[in-house]
Amino acid sequence: MARINSHYRKLMAGYLFPEIGRRVSRFQRQNPGKKIHRLGIGNTTEPLTPAVLAGLREGVDRLSKAETYTGYGDEQGDEDLRLALTRFYASRGISLDPGEVFISDGAKSDAANIQSIFSADSQVAVQDPAYPVYVDTNVIAGRSGAYDAASGNFPGFVYMACTRENNFVPEPPAGEVDLIYLCSPNNPTGAVATHRELKRFVDYARERRAVLIFDAAYAEFISDPGLPRSIYEVDGAKECAIEINSFSKTAGFTGVRLGFTVVPKALVVAGSEPEEVHRLWLRRQTTFFNGASNIAQRGGLAALSREGLEECARLVGYYMENARIISEGIASAGLAFYGGVNAPYLWVKTPGEMPSWDFFDKLLEEAQVVGTPGSGFGPSGEGYIRLSAFGHRGDIEEAVESIRTNLKL
Ligand SMILES: *Cc1c(COP(=O)(O)O)cnc(C)c1O
């Protein structure tokens, strides 16, 4: 008798974005003439850059001739690309062995799958609010109880509250936990952890043999040279941290699909043999995954070339100029917000302690602007709304203008 994995029934997923969709459709039906401005979604909008396109085309061309055709590649990823990534890290003062880099079809898959190499009874800590993948995949793996609507929590997880008081970067948990998910620059709050703040987590993890799962998908959006763009900028992190990254936001690969994860050979957990955690991730990937697209990997290699890096920096600069425009506009409209400086997200405080969904409706009805209710990312997101800087410049300007002229505060 087959039965489903009933942990799936605990999920709250599929609630946030469908509910936004329903409210926007209803508004559009009732106000057919009005133009809706979307600042809600973390999806890239600008075209791929010339060097990257040339790399992708080269990847396609290589498939057209028997001499250069390739089928399955190395499951861990094309060696040239892994070498290019180690050079990229080396340019930041971090030395990695190409064997420590695993290429994937995106950071989301890796962020979802990484928990599977750790014990089923691991105690998990997440930032609150958080990118939903960390929570949901651990719910599916059975590491939580049933969702508690009153608190907005899954019992069993440790929620590290990110609030105004701690500048949206939490302290390590007071008690004992095994896996800690960190995302910096943060989606949704736009906060970036300092070196000192990350060091506290590294110290905690080394003392307690915990593992940090560090999502650096927005690292390239950091412009402040004093802020860390990799967890490995902190001494000792190779013993306790896995870093997950992506070409999605930096190179516009949201639809192309390419990511990578670093599992250092020095990483140890309680009772593990030397390099065993690294070997387990290799085993996991070679068992469940047949490698990233060879075309996408050629594109990734091009994105790491000198021209590619310059072009991607300009692409990031474009979105960060959007962030600046949104920041300036909403500040002049009288809204308080955080982030938007070293991250493409703005974490906007709702006026007068208004609940996130009420402010979502107000913003939609008065200014026809769609944000993402902060409460959808965790209980500490209540009282905030996330605005995204991904969008065409003209659309961003129109949205900001509409907030300035139409939102009644
Ligand atoms: C967008 C995003 C990613 C990237 O996921 P991909 O699967 O590589 O597209 C990873 N982490 C966070 C927090 C993100 O917002």
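Scan segment 116-135 residue by residue and report those that are within 15 Å of the ligand (Cβ to nearest atom), touching a Phe, Trp or Tyr at 6+ places or on another chain (Cβ under 8 Å) and of a type outside the set (Gly, Ala, Ser). Walk me through it before giving the result.
Start the filter on segment 116-135 by keeping residues that are within 15 Å of the ligand (Cβ to nearest atom), which leaves 126-135.
Adding the requirement that they be touching a Phe, Trp or Tyr at 6+ places or on another chain (Cβ under 8 Å) leaves 126-132, 134-135.
If the condition is that a residue be within 15 Å of the ligand (Cβ to nearest atom), touching a Phe, Trp or Tyr at 6+ places or on another chain (Cβ under 8 Å) and of a type outside the set (Gly, Ala, Ser), then Val126, Gln127, Asp128, Pro129, Tyr131, Pro132, Tyr134, Val135 are the ones that fit.
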Single condition Tyr204 does not satisfy, out of (1) surrounded by fewer than 24 Cβ atoms within 10 Å (Cβ to Cβ); (2) within 16 Å of the ligand (Cβ to nearest atom): (2)
Selected residue (criterion: farthest from the ligand (Cβ to nearest atom)) from residues of segment 159-171 that are free of Cβ contacts under 8 Å to residues at least 40 places away in the same chain and either of a type in the set (Lys, Arg) or closer than 26 Å to Phe118 by Cα (or both): Glu171
Considering residues of segment 159-186 that are assigned to a strand (DSSP E or B) and within 24 Å of Tyr338 (Cα to Cα) only, the residue nearest to the chain's Cα centre (by Cα): Cys183
For Asp110: the one exception among (1) under 17 Å from Ala216 (Cβ atoms); (2) more than 15 Å from the ligand (Cβ to nearest atom): (2)
Residue pairs meeting the criteria (Cβ under 9 Å; at least 6 apart or on separate chains; first part of a helix (DSSP H, G or I), in segment 343-368; second buried (at least 21 other Cβ atoms within 10 Å of the Cβ) and aromatic (Phe, Trp, Tyr)): Pro351/Phe359; Ser356/Tyr384; Phe359/Tyr384
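Suppose we keep only residues that are hydrophobic (A, V, I, L, M, F, W, C) and assigned to a helix (DSSP H, G or I) within segment 216-237. Which one would you say is nearest to Val316 (Cα to Cα)? Break it down stepwise before answering.
Of segment 216-237, the ones hydrophobic (A, V, I, L, M, F, W, C) are 216-217, 219, 221-222, 227, 231, 234, 237.
Checking the rest, the ones that are also assigned to a helix (DSSP H, G or I) come to 219, 221, 231, 237.
Details: Ala219: 11, Phe221: 6, Ile231: 21, Ala237: 27 Å.
Residue satisfying both the conditions and the ranking: Phe221.
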Number of positions in segment 260-285 that are in contact with a helix residue (DSSP H, G or I) (Cβ under 7 Å, 6 or more places away or on another chain) and more than 18 Å from Leu212 (Cβ to Cβ): 1
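Taking the stated definitions as given, is Ala161 surrounded by fewer than 18 Cβ atoms within 10 Å (Cβ to Cβ) and of a type in the set (A, V, I, L, M, F, W, C)?
On the way: surrounded by fewer than 18 Cβ atoms within 10 Å (Cβ to Cβ): yes; of a type in the set (A, V, I, L, M, F, W, C): yes.
So Ala161 fits the description; yes.
Read the figures in this text as sums done on the coordinates, not as results from a lab. Bear in mind the structure is a predicted one, so any value in this text is a computation, not a measurement. Positions of Cβ are generated from backbone atoms using ideal geometry, with glycine treated the same way; all protein chains shown enter the neighbour counts.
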